[in-house]
Amino acid sequence: MKSSPSHAARKELFQRGIRRGSLTIREIERALLPGCLNDAERWLLYYSLRASGIAILGDDGVPLRAAEIPPAAG
């Protein structure tokens, strides 16, 4: 079974995040293909990353709370 480029990018994000323990929002957004996720799918991605023990960091390197994570690329 082939996986889509979007699926492969998300899988790589999880692998990198688990290995390092964190990802920046910028890393996450750059890895996603434009328009590949709707708002619900984006929320689920961020939720799943956090549930996997991966800290989501802002540009300043400070971990963000769930409410601070943007719903879409800006």
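The values are calculated or read from the model by the stated rules, or taken from the named source; none is laboratory data. A quick note: this is a predicted structure, and the numbers were derived from the prediction, not measured. Every residue, glycine among them, receives a Cβ derived from its backbone with ideal geometry; neighbour counts consider all protein chains shown.
Could you please let me know if Ala51 is surrounded by 13 or more Cβ atoms within 10 Å (Cβ to Cβ), without any contact (Cβ under 8 Å) to a residue 40 or more places away in the chain, among the small types (Gly, Ala, Ser) and within 21 Å of Glu68 (Cβ to Cβ)?
Numbers: surrounded by 13 or more Cβ atoms within 10 Å (Cβ to Cβ): no; without any contact (Cβ under 8 Å) to a residue 40 or more places away in the chain: yes; among the small types (Gly, Ala, Ser): yes; within 21 Å of Glu68 (Cβ to Cβ): yes.
Spelling it out, it is not the case that Ala51 is surrounded by 13 or more Cβ atoms within 10 Å (Cβ to Cβ), without any contact (Cβ under 8 Å) to a residue 40 or more places away in the chain, among the small types (Gly, Ala, Ser) and within 21 Å of Glu68 (Cβ to Cβ).
What pairs can you find where one residue is in the stretch 26-37 and of a type in the set (Val, Ile, Thr), the other is surrounded by 12 or more Cβ atoms within 10 Å (Cβ to Cβ), and their Cβ atoms are less than 7 Å apart, with a gap of 6+ or different chains?
Final answer for the pair search is Ile28/Leu13.
Any chance the stretch 1-14 includes a residue that's at pLDDT 85 or above and among the polar types (S, T, N, Q)?
No: the stretch 1-14 contains no residue that is at pLDDT 85 or above and among the polar types (S, T, N, Q).
Restricting to helices (runs of 4 or more DSSP H) lying wholly in the stretch 1-72: which have 3 or more residues that are on the phi < 0 side of the Ramachandran plot, under 13 Å from the mean Cα position of the chain (by Cα) and among the basic types (Lys, Arg)?
Per the criteria, 5-20.
Among the residues of the stretch 15-31 satisfying the criterion of being modelled with pLDDT of 95 or more and of a type in the set (A, V, I, L, M, F, W, C), which is surrounded by the most Cβ atoms within 10 Å (Cβ to Cβ)?
Leu23
List the pairs whose first member sits in the stretch 60-71 and is at pLDDT 70 or above, whose second member is in a loop (DSSP other than H, G, I, E, B), and whose Cβ atoms are under 8 Å apart, counting only residues at least 6 apart or on separate chains?
Cβ pairs passing all conditions: Leu64/Gly58; Glu68/Gly58.
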